[in-house]
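Novice: Submitted below is the structure of interest, expressed as structure tokens.
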């Protein structure tokens, strides 16, 4: 054997721990706000919010592939709120070296302890007046504080912390968890007291892009978990459900649908881990692999979900069926990843002659 | 299942760089523009085989005692080479010998067979073909009818093999024949390493949609020496499954298609089509698919490198190929339009006619079982779904 499996062993252990944690708490996922807050606190206590934070700032520094495993297991349990965004933003800030600034170091410590959740605004597409600020949705995982990362050419990278009144603006959504519908002030309308400036100029944009790339890969990991969970539910069902005199798992159409889910979720898992590993190592091809992982997983997660309904039939449409719970967890993630057009366009920007090779080396084809 | 991370050691990354630089330097326009069956292209294939031998890369996945690789990571080096052969579309001629027949000999062959056959394969002197498929035994190989009956020091073989790649060039065939008509389907089959010059063998080449030649090979009272039996008598079906397992990653395929997709992206840019978001999205979608497929292929390699025998995981790599082809063909028509139909050498052909060939190749989807059969295999072995 010529490959080093040390990292695999480590993340396998993390996965086992995450699986046990999620299984034990599965009934509490999606419950009321108080329970959500407790869950967030427990995730922090396990060190899972601090995967990219050094130990001197309270983190566990176990790396991004491990974060992907945790995100995947949370996704398998139908928990897709706050984790990917918080870890992605924290990682982007530390990758940029901002933790040397005392306010950012304090922020990172707060993330590691679970006292603050970091997120992005999922902006509404309906026409809004720029002067009116930005409207959008924010998933509230229940941490004591909630900060929203923003970027604009004028103001650079800022963190806007929501106050209590803004956290009361809950709105009913498909996710059935606490979602806030908020309006944030225009970023260039002066500095508000609750807004923390993190970076400016070209650095700000680079960190913003890095945070988004990280978020998309971790969100993709969550989708891997939901697809694998959906496959398990459907496969078990197909082995026992009898129709037309036979177990439906013997029908080729059903088998092929399940194989398609397996093929898609397996490849998505390998690709998202590859992307997170590439980002962790700052590999030259990190952006292109991350873009591919996002686009592929976004599309296949949707297809997998639809195929599960084909296999399950009416029972899958019942409110309390596990597939319904997964569906409510998957849809906000897919919506948060941007449109298929954006994801695929992002991949296309990397396709050029020799690029596939030059990701890791300078050689290009003649 | 255990988590598999697709990561490479610095040594393997260095080797990848070395191979890419070498192929980049050697690559010639003729690799991409010549008719695949013309003498000039075949000569290029022979030339590259000899180059790979000279480099010590040709059979580096074999054990060192058979001229194979000497480093601990030879198998990974071989996988890297295979991927880059695909990406640079290197013409080579000795695929079946290097990848299937040689490793099968190493696994099942007698000392005499190894001494006789391995050195010429390693020197690129033996062109091998695989005699498995028959007119009435395609996806269902266990239905094969070609018989080989023992008569003294010989097996006398009668029957036909169909769609035999390299059949018209090969001087040696790995033949699967029914040696016990009374045994159950899988149990009565044996493997032979058959000299293609034996009396009673006739080869009829058939042209494929891609321009490749495959052959129908007829055997009429062919006297195969008994010492050509490879492995155990009547265990051939199982040997065959293992032999085909040696080269199951299919890493060269996504690499080859990535190079082709880059060709199409280049064309779209040069033709001013890149500003169309629908074209960028279609290319982006397939590029993401290729990266995913590539990971599936590397998983097979990683499993093999750890001593595991990939089963449905290898079938999944096949499935990705079969699902890619129709998408790529459609993309070509969407991006290039009517010009995609213009053949090599004609005015207005796109990328020297390569696009027209890519279009025809997108129908090459049947090898080792079609899309349905491949899904059936994964359903049984990967998901443990019932067959009846």
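Novice: Restricting attention to strands (runs of 3 or more DSSP E) lying wholly within region B:118-181, give those where 1 or more residues are farther than 26 Å from residue B:211 by Cα and in contact (Cβ under 8 Å) with a residue 60 or more places away in the chain. Full working, then the answer.
Specialist: Numbers: elements: B:128-131, B:147-151, B:154-165, B:172-178.
It comes to B:147-151, B:154-165, B:172-178.
Novice: Look through A:275, A:267 and report the one residue that is under 23 Å from residue B:8 (Cα atoms), more than 8 Å from every other protein chain (Cβ to nearest Cβ), at pLDDT 95 or above and under 19 Å from the mean Cα position of the chain (by Cα).
Specialist: Numbers: A:267 fails: more than 8 Å from every other protein chain (Cβ to nearest Cβ).
After applying the criteria, what remains is A:275.
Novice: Does residue B:273 meet the test of being assigned by TED's automatic domain parsing to the domain that holds residue B:326 and not in a helix (DSSP H, G or I)?
Specialist: yes
Novice: Residues being in a loop (DSSP other than H, G, I, E, B) and buried (at least 18 other Cβ atoms within 10 Å of the Cβ): count how many of those fall in region B:57-75.
Specialist: Total meeting the criteria: 10.
Novice: Residue B:133 is checked against (1) within 14 Å of chain A (Cβ to nearest Cβ); (2) under 28 Å from residue B:39 (Cα atoms) and fails just one. What number does that condition carry?
Specialist: Result: residue B:133 fails condition (1) only.
Novice: I'd like the residue in region A:68-83 that is part of a helix (DSSP H, G or I) and more than 14 Å from chain B (Cβ to nearest Cβ) and, out of all such residues, is nearest to residue A:268 (Cα to Cα).
Specialist: Per the stated criteria, the residue is A:75.
Novice: So, one more: Go through (1) in contact with a strand residue (DSSP E or B) (Cβ under 7 Å, 6 or more places away or on another chain); (2) not in a helix (DSSP H, G or I) and name the single condition residue A:319 misses.
Specialist: (1)
Novice: Just for region A:232-256: of the residues that are facing chain B (nearest Cβ under 9 Å) and buried (at least 24 other Cβ atoms within 10 Å of the Cβ), which one is nearest to residue A:335 (Cα to Cα)?
Specialist: Step by step, filter region A:232-256, then rank; the result is A:255.
Novice: Sticking with this structure for a sec: Look at residue A:291 and say whether it is within 10 Å of chain B (Cβ to nearest Cβ), surrounded by 19 or more Cβ atoms within 10 Å (Cβ to Cβ), more than 19 Å from the chain's Cα centre (by Cα) and closer than 30 Å to residue A:87 by Cβ.
Specialist: no
Novice: Right, residue B:351: at pLDDT 95 or above, assigned to a helix (DSSP H, G or I), touching a helix residue (DSSP H, G or I) at 6+ places or on another chain (Cβ under 6 Å) and away from chain A (no Cβ under 11 Å) or not?
Specialist: no
Novice: Residues of region B:1-56 being out of contact with any helix residue (DSSP H, G or I) (no Cβ under 7 Å at 6 or more places or on another chain), within 9 Å of another protein chain (Cβ to nearest Cβ) and assigned to a helix (DSSP H, G or I), which ones?
Specialist: Of everything in region B:1-56, those that are out of contact with any helix residue (DSSP H, G or I) (no Cβ under 7 Å at 6 or more places or on another chain), within 9 Å of another protein chain (Cβ to nearest Cβ) and assigned to a helix (DSSP H, G or I) turn out to be B:11, B:13, B:17, B:21, B:24, B:25.
Novice: Only one residue in B:241, B:255, B:292, B:288 is in a helix (DSSP H, G or I), without any contact (Cβ under 8 Å) to a residue 12 or more places away in the chain and within 14 Å of chain A (Cβ to nearest Cβ), so which one is that?
Specialist: B:288
Novice: Follow-up question, since we're still on this one. Run residue A:164 past the list (1) part of a loop (DSSP other than H, G, I, E, B); (2) in contact (Cβ under 8 Å) with a residue 40 or more places away in the chain; (3) more than 20 Å from the chain's Cα centre (by Cα) and report the number of the one that doesn't hold.
Specialist: (2)
Novice: Okay, next question. Out of region A:11-40, which residues are assigned to a helix (DSSP H, G or I) and within 18 Å of the chain's Cα centre (by Cα)?
Specialist: Matches in region A:11-40: A:11, A:14, A:15, A:18, A:19, A:22, A:36, A:39, A:40.
Novice: Report whether or not residue B:276 is under 26 Å from residue B:382 (Cα atoms) and more than 8 Å from every other protein chain (Cβ to nearest Cβ). Reasoning before the result, please.
Specialist: Numbers: under 26 Å from residue B:382 (Cα atoms): no; more than 8 Å from every other protein chain (Cβ to nearest Cβ): yes.
When the stated conditions are applied, residue B:276 does not pass them.
The values are calculated or read from the model by the stated rules, or taken from the named source; none is laboratory data. Bear in mind the structure is a predicted one, so any value in this text is a computation, not a measurement. As a convention, Cβ positions derive from the backbone with ideal geometry for all residues, glycine included, and neighbour counts pool all protein chains shown.
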